[in-house]
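What follows is one structure encoded as structure tokens, with my remarks underneath.
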Amino acid sequence: MKVKENAAYRITDMEVSERPREKMALVGPAQLSNDELLAILLRVGMEGENAVEMAARLLRDFRGLRGLYQSSYAELCSLHGLCPAKAAQLLAALELGKRIARVENSKAVIHSPQDVYDLVGYTMSLLEQEELWAIHLDTRNQFLSEEVIYRGSANASSVRVGELFKTAVRINATGVILIHNHPSGDPTPSPEDVALTRSAIQAGKMLDVEVLDHVIIGQGGKFVSLKEKNLGF
């Protein structure tokens, strides 16, 4: 999109087919850039900055969608030109996206580490600190629920292994997949990751809940399956 080098360049100065809302009506939301989609949520800009320019500035300030996803209401309100109403609109849209993802999760069937990544990998790759999650499955490997087990550096000594299975036993899950993220972006398993996996497998056998895998999520679509690597299994 070509934007004039004029601080007062308005959305109405664009060709009709290039205005975000009109463009969405013509070609659909998938064809719009992040700037354009965000501009639709903002609706209007401010003096000297139209909505698309403001959207581009927000994405720069937060270093992309990942940063915006992690932002708080207070952080958004502190930005120049972003009033409480606009901040609320952005957070509401982000929360709806999270809830839609949870609805889609309820239909999932897990057959591979890639399925695990498709289910929760992107969300976990956005986390700033390490978290350990569990996905609970039935006898047909169909998704039952997901649960955050632990926040912080996860290892066999800091995580109470029994906590991994409390919900699984309550909902009669027959399988559990452990997932945790490496905020560094490198999903290479550590010795502590392998030790946790081994302890979880042993505890699961006593409770008749099988640990099917332990998947480590990095960034940029990277992940490692400890089962595929035969680490701890």
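Computed from the coordinates by the stated procedures, all read-outs in this text should not be read as laboratory data. Given the structure is predicted, the values throughout are model-derived calculations rather than measurements. Cβ placement follows ideal geometry from the backbone for every residue including glycine, while neighbour counts extend to all protein chains displayed.
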Spans of strands (runs of 3 or more DSSP E) in region 112-219 with at least 1 residues more than 21 Å from Phe233 (Cβ to Cβ) and of a type outside the set (A, V, I, L, M): 131-137, 143-151
I'd like the full set of residues that are over 16 Å from the mean Cα position of the chain (by Cα) and of a type in the set (Ser, Thr, Tyr), limited to region 45-77. Tyr73
Given (1) in contact (Cβ under 8 Å) with a residue 24 or more places away in the chain; (2) among the hydrophobic types (A, V, I, L, M, F, W, C); (3) part of a helix (DSSP H, G or I), Leu82 misses just (3)
Residues of region 14-34 classified as surrounded by 19 or more Cβ atoms within 10 Å (Cβ to Cβ) and part of a helix (DSSP H, G or I), total: 2
